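The values are calculated or read from the model by the stated rules, or taken from the named source; none is laboratory data. This one's a predicted model, so the numbers in the text were calculated from it and none came from an experiment. Cβ atoms come from the backbone with ideal geometry, glycine included; neighbour counts cover every protein chain shown. Heavy atoms of the whole protein, side chains included, go into the accessibility calculation; ligands, DNA and RNA do not. Shrake-Rupley method; radii C 1.70, N 1.55, O 1.52, S 1.80 Å.
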Amino acid sequence: MEKLDRNWMELLQELRVLQTGVQILGGFLLTLPFQSRFETLDDFQTALYLANVALAALTTALILLPVSVHRRLFRLHLRAALVASADRIAKVSLACVGLLSVGTSALVFDVTAGRAAGLWAGGVLLVVLLVLLAYVPSRLRRHAERGN
């Protein structure tokens, strides 16, 4: 039970960090329609903007989900199920934050430097995030499992 409590607290701390990133990106996105240059967005940029706003809202909901589940289940002594589900939710949330970063960067580069720059920036950031968020942890895990 002590280990589950520690895991739960670690997950909550990670979700707090994710939530801050989503709030910053979401807040940035929500200010854009009030800028004069927003009216000059083409259809692709508008669609990318709206996709980013929807993804920010979805990611916020995902990050809040473990807290909601905890509020409903905490008196039922289902800590193991709570930690396991929160772990999965945190992984999905992390992927969503990565996609939100890619989409927001692509939008900013597209608007300021052109479509090609936006696609390149989004693509490069996607590859970097895949390496940092998927490959590196996987490699570290394999290394640790070998006992090195």
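Here are the numbers:
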read-out: Label point distance in nm, A51-R146, each placed 7 Å from Cα along Cα→Cβ; value: 3.8 nm
read-out: Over the chain, relative contact order from alpha-carbon pairs under 8 Å, at least 6 apart, %; value: 26 percent
read-out: Debye intensity ratio I(q)/I(0), log10, the chain, q values 0.14, 0.20 Å⁻¹ (C-alpha model); value: -0.78, -1.18
read-out: Surface share of carbon and sulfur [accessible, 1.4 angstrom probe, percent] for the range 12-148; value: 68 percent
read-out: FRET E, pair S36, A61, Förster distance 30 Å, beta-carbon r, rounded to 0.05; value: 0.45
read-out: Inter-site label distance for L119 and E14 at 7 Å from Cα along Cβ, in nm; value: 3.5 nm
